[in-house]
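Participant: This is the structure I want to talk about, given as structure tokens.
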Amino acid sequence: MTTPSVHRSIEAVWRIESARLIAGLVRMVRDVGLAEDFAQDALLSALEKWPESGVPDNPGAWLMATAKNQAIDQIRRSRRLEQKQGQVARDLMTTVQIDASRDDEIGDDLLSLIFTCCHPVLATEGRVALTLRLLGGLRTEEIARAFLVSTSTIARRIVRAKKTLAAARVPFEVPSGDELAARLPAVLEVVYLIFNEGYAATAGGDWMRPSLCEDALRLGRILAELAPREPEVHGLVALMELQASRLHARVGPDGRPVRLLDQDRARWDHLLIGRGLRALDRARGLGGAAGPYALQAAIAACHARAVRPELTDWLRITALYDALSQLMPSPVVDLNRAVALGMAYGPAAGLELVDAIAETSALDGYHLLASVRGDLLAKLGRLEEAHAEFLRAASMTQNMRVRALLQERAAAITVGACPRSPS
């Protein structure tokens, strides 16, 4: 193999194996920062040796063995690890190979790493950055590019997160009982935040960042395998699978956003739809009341099952948003409920709720509030007000694609043809 092809292979191996590698090392050294350092050292060794020796048959085991050997060497000569030297070194030297008999242990390590990265002691942005770094296998510059911030900003967040975990002595373990139930929403929130940023980018020139959706889906699927009895884990996976099924249809040939009702449904990914529906059935089969992710997945399923836009069950969607609003009161949920009301009972019903939300000032500066209000006003024939709302919405968004579309909608009203908004 040529050196470039070996490097591509190493990059692929790293994306697949890095989370398990780091998780196994954290279990031994009890320090996220040290574990990543040892893993990175193993990666550098692979970059030096594999171009000559070739990619080993079991690259994950090679990386783990190399990381452990380097860890042993450093532990022996590092004063700051003297207290840990004896026990950690013994642990490392007795488990040099990864084999099938350790599958359950590896699974526990991965789940522990997920809960560590998403610990409530960390700020939300720190959880997201650390999760993508350690579990997503992304480089710092890749995370920075995805969220349109500087590499140094992401680097600081990651360093700060590691220091915070160390200072707080956060245990490397899967919480149990009531603590597991209390911590799980924080984990799910991080995965869904990553997915949402990919599905609808908050800023920049791209309408979507599909690679982030793929990273979130991979994390969600891992979590579902590691926590198979948690309904909301499957609810989140169902929601992401169903939403991701529309990614290809959400953008036209020219890169412009295409709203849900205007999408070519033949371009929806029916494999992902099938996976999403099965995950939703699994969540329901575990019993108990539906949680917020399962409810949102049920809404997405209504869209997925409609072969034509006019067959969408807006009455059921409205009822599901009613249930979601009761379970998780939020002005954003209410805004989505207003859209459903407008579709099920007419634009006047939707506008009444939108105006009630606007009066609370809870979504001041949120471009989708003005955009939805403009859409409802246009349907009611109040074109001058709709024109102003679309321009106001355009001034609020940081995404250039969305801004251009909203400006076009405002301009179209003046000639009596208002294109629909994306979703």
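Participant: From Ala19, Ala23, Ala42, grab the single residue that is crowded, with 19+ Cβ neighbours inside 10 Å and at pLDDT below 85.
Facilitator: Values: Ala23 fails: at pLDDT below 85; Ala42 fails: at pLDDT below 85.
On inspection, the qualifying residue turns out to be Ala19.
Participant: Within region 150-163, is there a residue that is outside any helix (DSSP H, G or I) and free of Cβ contacts under 8 Å to residues at least 40 places away in the same chain?
Facilitator: Yes, that holds for at least one residue.
Participant: Follow-up. Could you list, in sequence order, the residues of region 322-339 that are within 11 Å of Leu295 (Cα to Cα) and free of Cβ contacts under 8 Å to residues at least 24 places away in the same chain?
Facilitator: Within region 322-339, Asp322, Ser325 meet the criteria.
Participant: Oh, and also: What residue, among those in region 127-149 that are among the charged types (D, E, K, R), surrounded by fewer than 22 Cβ atoms within 10 Å (Cβ to Cβ) and part of a helix (DSSP H, G or I), is modelled with the highest pLDDT?
Facilitator: Glu141
Participant: So which residues in region 93-104 are surrounded by 14 or more Cβ atoms within 10 Å (Cβ to Cβ) and either at pLDDT 90 or above or in a helix (DSSP H, G or I) (or both)?
Facilitator: Hit for region 93-104 is Arg102, nothing else.
Participant: Continuing with the same structure: Given the conditions (1) closer than 26 Å to Ala203 by Cα; (2) in a helix (DSSP H, G or I); (3) without any contact (Cβ under 8 Å) to a residue 40 or more places away in the chain, and given that Gln296 satisfies all but one, which numbered condition is not satisfied?
Facilitator: (3)
Yes/no matrix, rows are residues, columns are (1) surrounded by 19 or more Cβ atoms within 10 Å (Cβ to Cβ); (2) free of Cβ contacts under 8 Å to residues at least 40 places away in the same chain:
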position	(1), (2)
Val170	no, no
Val174	yes, no
Arg183	no, no
Gly204	no, no
Leu212	yes, no
Asp215	yes, no
Pro228	no, yes
Leu239	yes, no
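Table: residues versus (1) over 24 Å from Ala319 (Cβ atoms); (2) among the β-branched types (Val, Ile, Thr); (3) assigned to a helix (DSSP H, G or I).
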| residue | (1), (2), (3) |
| --- | --- |
| Leu351 | no, no, yes |
| Asp355 | no, no, yes |
| Glu359 | yes, no, yes |
| Leu369 | no, no, yes |
| Val372 | no, yes, yes |
| Glu385 | yes, no, yes |
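Participant: Looking at region 177-193, can you tell me whether even one residue there is closer than 26 Å to Val29 by Cα, of a type outside the set (Phe, Trp, Tyr), in a loop (DSSP other than H, G, I, E, B) and within 16 Å of the chain's Cα centre (by Cα)?
Facilitator: Within region 177-193 (the criterion being closer than 26 Å to Val29 by Cα, of a type outside the set (Phe, Trp, Tyr), in a loop (DSSP other than H, G, I, E, B) and within 16 Å of the chain's Cα centre (by Cα)), the answer is no, since none of the residues qualifies.
Participant: Still on this structure, I have one more. Can you spot a residue in region 268-279 that is in contact with a Pro (Cβ under 9 Å, 6 or more places away or on another chain), at pLDDT 95 or above, more than 19 Å from Val307 (Cβ to Cβ) and assigned to a helix (DSSP H, G or I)?
Facilitator: no
Participant: Further question: Could you check region 258-281 and list, in sequence order, the residues that are among the charged types (D, E, K, R), touching a helix residue (DSSP H, G or I) at 6+ places or on another chain (Cβ under 6 Å) and farther than 19 Å from Met208 by Cα?
Facilitator: If the condition is that a residue be among the charged types (D, E, K, R), touching a helix residue (DSSP H, G or I) at 6+ places or on another chain (Cβ under 6 Å) and farther than 19 Å from Met208 by Cα, then Arg275 is the only one that fits.
Participant: So, one more: Quick one: would you say Arg169 is part of a loop (DSSP other than H, G, I, E, B) and modelled with pLDDT of 85 or more?
Facilitator: Details: part of a loop (DSSP other than H, G, I, E, B): yes; modelled with pLDDT of 85 or more: yes.
It is true that Arg169 is part of a loop (DSSP other than H, G, I, E, B) and modelled with pLDDT of 85 or more.
Participant: Can you name every residue in region 353-372 that is small (Gly, Ala, Ser), surrounded by 14 or more Cβ atoms within 10 Å (Cβ to Cβ) and either in contact (Cβ under 8 Å) with a residue 24 or more places away in the chain or touching a Cys at 6+ places or on another chain (Cβ under 9 Å) (or both)?
Facilitator: Ala362, Ala370, Ser371
The values are calculated or read from the model by the stated rules, or taken from the named source; none is laboratory data. Treat the numbers as computed from the prediction; the structure is a model and nothing was measured. Glycine gets a Cβ as well: all are built from the backbone with ideal geometry, and neighbour counts include every protein chain shown.
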